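A.B. asks: Okay, handing you the structure first.
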Number of protein chains: 2
Amino acid sequence: MSARAGHLGARRAGGGAARQQSLRQHNLGLTLRRVVDAPTPLSRADIAGATGLTRATVSALVDRLIALGLVAELEPVVAGRAGRPAVPLVPARGTVAALGMEVNVDYLGVRALDLAGEVVSERIEAGDFRASDPTEVLDRLARLAGTVVARLSADGVALVGGCLALPGLVDSVTGPLRLAPNLGWRDVDVVGLLAAHPVLGGLPPRLANEADLAARAEAHARRLTGPASFVYVSGEVGVGGAIVLDGAIFGGRRGWGGEIGHVVLGTDGSFDQGGTLEDYAGQDAILTRAGLPRSTPVTALLAAVEAEEPRARAALHVAGRALGAALANVVNVVDVEHVVLGGTYATLAEHLRAEVTGQLRRRVISAPWAEVELSTALAGQYPAMTGGALAVLEALVDDPAGWAGDEPVEVR
Amino acid sequence: MSARAGHLGARRAGGGAARQQSLRQHNLGLTLRRVVDAPTPLSRADIAGATGLTRATVSALVDRLIALGLVAELEPVVAGRAGRPAVPLVPARGTVAALGMEVNVDYLGVRALDLAGEVVSERIEAGDFRASDPTEVLDRLARLAGTVVARLSADGVALVGGCLALPGLVDSVTGPLRLAPNLGWRDVDVVGLLAAHPVLGGLPPRLANEADLAARAEAHARRLTGPASFVYVSGEVGVGGAIVLDGAIFGGRRGWGGEIGHVVLGTDGSFDQGGTLEDYAGQDAILTRAGLPRSTPVTALLAAVEAEEPRARAALHVAGRALGAALANVVNVVDVEHVVLGGTYATLAEHLRAEVTGQLRRRVISAPWAEVELSTALAGQYPAMTGGALAVLEALVDDPAGWAGDEPVEVR
DNA sequence: GGCATAAGTTCATCCATACAACAAATGGCG
DNA sequence: CGCCATTTGTTGTATGGATGAACTTATGCC
């Protein structure tokens with residue numbers, strides 16, 4: 001990040017010089033991405049048709065990907081059509097995997113995904129990590145990761161990297177954790193503490209915000225069908241948020257974007273004692289307003305609401321309205337056409353929907369032309385772990401040749 | 001915008017196949033951008049050193065740019081240093097220009113910039129366009145543009161395109177204007193209406209939001225010194241906003257991003273009648289609160305404040321606090337480290353600063369690690385016109401070969 | 001069995017960049 | 001004043017990667 005040469009306004013993504021090698025890297029990544037993201041196996045000819053590359057070029061690229069152990073061929077399928085049958089290409093299984101890890105308020109876990117996005121192995125442990133000791137917790141995480149990694153190497157699967165999800169502000173990629181209010185952590189050198197347990201074989205893990213990674217998993221789950229741009233809000237103990245644009249996480253300058261939980265609302269005319277979204281729609285706030293103890297599980301809250309318990313219903317109305325107003329603010333600023341409710345909000349969605357959509361319809365300036373759609377998360381349980389592994393796999397797909405062999409990366 | 005093939009999460013910018021031609025285009029744009037953005041003329045060798053390309057390659061690229069009329073050589077300068085003197089390269093003057101146009105509430109104008117970013121010619125007319133007739137106003141704009149274009153062609157300057165700034169929501173690039181509240185326009189086919197006057201020689205003008213373009217001009221003015229990422233708020237009759245990330249305008253999916261004027265604030269606990277930022281910090285709101293007529297010029301307001309007139313001071317305190325709270329929301333969502341006040345806010349900056357920074361310090365979650373900085377606009381008068389021309393020039397810089405000769409673009 | 005069709009491969013060609021050698025233009029120094 | 005070091009810009013040749021056309025392989029259809 002040293003070069004800050006200005007341009008005529010915009011700085012292009014591929015800011016550097018393009019050599020022929022860049023070209024190979026780009027097209028290699030392009031074909032691998034096609035193979036990985038295809039809903040049904042593609043042939044070399046399919047890829048050529050879709051990308052505009054010639055069959056000859058695709059053939060050469062695919063051969064290289066097969067040699068790298070990233071793509072595999074299936075048996076040719078007789079298509080019921082004239083012509084030589086196509087050879088279906090699929091992401092290779094059992095050769096590489098990435099680790100998604102997570103420390104959250106009431107659980108901790110490790111999940112390994114292969115290139116196809118399938119779970120290869122995982123370990124999750126419940127616990128209570130409010131006001132916990134980072135060293136102790138990360139120790140426990142590292143041991144958990146150790147068992148998963150042992151399993152992988154026993155199966156001959158190469159580990160390409162790992163990413164740790166944390167419910168707080170993470171500085172850049174390798175920097176320290178700045179603040180995780182619900183864990184009670186502040187300025188913790190997570191990577192340094194994990195370095196004592198070289199579970200990734202020396203590769204330092206990436207760090208990221210839990211909501212950002214959950215949103216990444218969500219984007220992956222919707223890559224074929226759903227909207228490519230959306231705001232993701234997850235109600236956990238805190239309120240997390242992330243923005244997805246064209247399938248990519250938008251984290252802002254330092255990856256601290258999407259902090260929707262701290263949007264200011266309800267200010268009583270004076271802006272000094274205004275509450276944030278978490279004060280209206282955080283788990284604790286909802287439960288307090290509903291007259292339930294703080295430790296009440298979401299299912300119990302849901303039951304209370306469905307039993308038409310008035311205080312519970314009122315609490316959700318307040319939460320929904322605040323959530324809708326905050327989301328409207330976000331949508332006005334970043335202009336997306338879709339909102340995805342995750343975490344607790346997904347469970348409670350049917351009881352939030354009316355208030356949320358009402359606020360969106362009322363407050364989003366572009367609503368008259370394109371109403372903001374609302375849906376619930378599809379990414380399954382522990383989406384941040386999935387997202388962490390996907391983040392690593394994405395980096396691999398972007399530069400398939402870079403991960404081994406060619407460059408001396410020292411993957412012991 | 002048809003291809004929506006999903007990836008492993010992210011969709012890369014250069015989504016298509018890369019041919020050798022893409023490579024040439026990229027590097028051609030890279031060297032042209034270096035020349036255009038350099039604070040002091042660079043030599044071929046300088047560019048080679050900065051980009052990593054070889055001197056031979058840069059030489060070839062520069063020769064092509066000279067042939068295209070986009071770059072010019074100056075006389076070699078004796079540097080007082082051993083070795084052959086370098087040939088300084090500068091953006092060509094007087095060969096190409098782009099048009100920035102603007103229709104706003106109380107003026108309308110056209111400005112032509114050359115590749116060096118200098119004003120070649122401009123015409124600005126005052127007026128009152130509240131509740132105006134689009135056909136009539138655009139007619140007037142077109143005639144104004146006509147005189148500027150005539151001047152350019154008399155001087156032998158080729159017009160590469162134009163961009164029109166409007167104070168409202170513009171759909172995508174070529175789509176219609178959706179809503180410009182302060183003009184009283186709604187769903188106006190601006191491009192269609194302008195087509196009657198082919199001032200651009202048949203090239204349809206691009207449309208964009210006024211604040212987005214002003215922010216682009218601001219980013220250009222700060223490209224060498226200032227922050228590459230910031231939130232820009234301009235107080236005009238309405239409150240406009242835009243987000244700049246790494247020097248590029250972030251307009252969201254449809255270019256409707258940055259609508260900071262409609263962020264919800266001050267909701268009194270009930271989210272139904274809450275006011276937006278414009279209700280606290282819009283020009284009309286400030287003047288009303290100050291007890292001044294709506295038509296009061298900003299200078300008069302400023303004079304009242306500096307005369308310590310209590311109602312005026314109170315009005316600015318409210319505006320500053322609301323502005324700060326709204327900006328804090330935006331910063332929490334998009335994570336930028338800098339805020340730029342433009343338009344009226346720049347004039348009033350010294351009387352807003354305390355309240356704005358106070359709110360930012362209080363409400364931005366990352367403030368303890370990196371305080372949000374505040375500064376006033378540097379882009380000069382009518383920044384949106386400058387930004388519009390710059391937007392066109394940027395497109396030219398991104399694909400220098402594409403604008404003429406090679407492709408049959410029909411620039412009559 | 002012959003023909004049309006489609007997939008995948010082989011080979012000559014092209015294009016843009018890298019690399020190396022060279023020419024040009026200057027300052028420094030004896 | 002002449003030689004050398006130094007830096008710029010140019011001129012080849014080599015290289016890597018994509019292209020395009022021809023060819024091989026494997027199927028369905030008549």
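A.B. asks: In segment A:157-204, how many are crowded, with 17+ Cβ neighbours inside 10 Å and closer than 24 Å to A:Ala92 by Cβ?
C.D. replies: The total comes to 9.
A.B. asks: Among the candidates B:Asp335, B:Asp279, single out the residue that is more than 23 Å from B:Gly380 (Cβ to Cβ) and in contact with a Phe, Trp or Tyr (Cβ under 8 Å, 6 or more places away or on another chain).
C.D. replies: B:Asp335
A.B. asks: Still on this structure: Which count do you get for residues in segment B:97-127 that are touching a helix residue (DSSP H, G or I) at 6+ places or on another chain (Cβ under 8 Å), surrounded by 19 or more Cβ atoms within 10 Å (Cβ to Cβ) and hydrophobic (A, V, I, L, M, F, W, C)?
C.D. replies: Qualifying residue count, segment B:97-127: 11.
A.B. asks: Let me ask another. Looking at segment A:65-75, which of its residues are crowded, with 17+ Cβ neighbours inside 10 Å and within 13 Å of DNA strand D (Cβ to nearest atom)?
C.D. replies: Answer for segment A:65-75, where residues must be crowded, with 17+ Cβ neighbours inside 10 Å and within 13 Å of DNA strand D (Cβ to nearest atom): just A:Leu65.
For (1) under 23 Å from the mean Cα position of the chain (by Cα); (2) closer than 18 Å to A:Pro205 by Cα; (3) assigned to a strand (DSSP E or B); (4) of a type in the set (Ser, Thr, Tyr), each residue gets a yes or a no:
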residue	(1), (2), (3), (4)
A:Pro76	no, no, no, no
A:Gly80	no, no, no, no
A:Pro85	no, no, no, no
A:Arg123	yes, yes, yes, no
A:Ala150	no, yes, no, no
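A.B. asks: What tally of residues in segment B:338-395 results from selecting those that are crowded, with 20+ Cβ neighbours inside 10 Å, without any contact (Cβ under 8 Å) to a residue 60 or more places away in the chain and part of a loop (DSSP other than H, G, I, E, B)?
C.D. replies: 4
A.B. asks: So if I check each of B:Leu193, B:Leu164, which one is farther than 30 Å from B:Ala401 by Cα and not in a loop (DSSP other than H, G, I, E, B)?
C.D. replies: Only one candidate passes the filter, namely B:Leu193.
A.B. asks: Here is a further query. Can you find a residue that is at pLDDT 90 or above and not in a loop (DSSP other than H, G, I, E, B) anywhere in segment A:171-186?
C.D. replies: Within segment A:171-186, one or more residues are at pLDDT 90 or above and not in a loop (DSSP other than H, G, I, E, B).
A.B. asks: Any idea which residue in segment B:48-63 is nearest to DNA strand C (Cβ to nearest atom), counting only those that are more than 10 Å from every other protein chain (Cβ to nearest Cβ) and under 17 Å from A:Ala18 (Cα atoms)?
C.D. replies: My answer is B:Ala56.
A.B. asks: While we're looking at this one, here's another question. On the basis of being more than 16 Å from DNA strand D (Cβ to nearest atom) and surrounded by 15 or more Cβ atoms within 10 Å (Cβ to Cβ), does B:Ala154 make the cut?
C.D. replies: Judged against the criteria, B:Ala154 is not a match.
A.B. asks: Looking only at residues that are farther than 25 Å from B:Asp114 by Cβ and of a type in the set (A, V, I, L, M) in segment B:20-59, which one is nearest to the chain's Cα centre (by Cα)?
C.D. replies: Applying the filter and picking the extreme gives B:Leu23.
A.B. asks: Let me ask something else. Restricting to segment B:357-395, what's the tally of residues that are away from chain A (no Cβ under 11 Å), among the polar types (S, T, N, Q) and within 16 Å of B:Val120 (Cα to Cα)?
C.D. replies: 1
A.B. asks: Within the group B:Arg34, B:Arg24, which residue is within 13 Å of DNA strand D (Cβ to nearest atom), farther than 25 Å from A:Thr57 by Cβ and of a type in the set (Lys, Arg)?
C.D. replies: Selected residue: B:Arg34, the only one of B:Arg34, B:Arg24 that is within 13 Å of DNA strand D (Cβ to nearest atom), farther than 25 Å from A:Thr57 by Cβ and of a type in the set (Lys, Arg).
A.B. asks: Name the single residue, out of those in segment B:76-96 being within 11 Å of DNA strand D (Cβ to nearest atom) and surrounded by fewer than 14 Cβ atoms within 10 Å (Cβ to Cβ), that is farthest from the other protein chains (Cβ to nearest Cβ).
C.D. replies: Result: B:Ala82.
A.B. asks: Quick one: what pairs do we get from segment B:71-89, first residue free of Cβ contacts under 8 Å to residues at least 40 places away in the same chain and within 22 Å of B:Arg33 (Cβ to Cβ), second near DNA strand D (Cβ under 6 Å from one of its atoms) and assigned to a loop (DSSP other than H, G, I, E, B), C-beta under 8 Å, 6+ apart or different chains?
C.D. replies: Pairs that qualify, where the first residue is free of Cβ contacts under 8 Å to residues at least 40 places away in the same chain and within 22 Å of B:Arg33 (Cβ to Cβ) and the partner is near DNA strand D (Cβ under 6 Å from one of its atoms) and assigned to a loop (DSSP other than H, G, I, E, B), are B:Glu73/B:Val87; B:Leu74/B:Val87.
A.B. asks: Go through segment B:127-151 and count every residue that is small (Gly, Ala, Ser) and without any contact (Cβ under 8 Å) to a residue 12 or more places away in the chain.
C.D. replies: The total comes to 1.
A.B. asks: What are the residues in segment A:76-109 that are under 30 Å from A:Trp185 (Cα atoms) and either of a type in the set (Asp, Glu) or within 16 Å of DNA strand C (Cβ to nearest atom) (or both), if any?
C.D. replies: A:Glu102, A:Asp106
A.B. asks: To continue, here is another question. Can you give me the number of residues within segment B:280-293 that are farther than 10 Å from B:Val318 by Cβ and within 28 Å of the chain's Cα centre (by Cα)?
C.D. replies: 4
A.B. asks: Output the residues belonging to segment A:36-47 that are within 13 Å of chain B (Cβ to nearest Cβ) and within 12 Å of DNA strand C (Cβ to nearest atom).
C.D. replies: A:Leu42, A:Asp46, A:Ile47
The values are calculated or read from the model by the stated rules, or taken from the named source; none is laboratory data. Nothing here was measured: the structure is a model prediction, and the numbers come from that model. Heads up, the Cβs are rebuilt from the backbone with ideal geometry, glycines too, and the neighbour counts pull from every protein chain shown.
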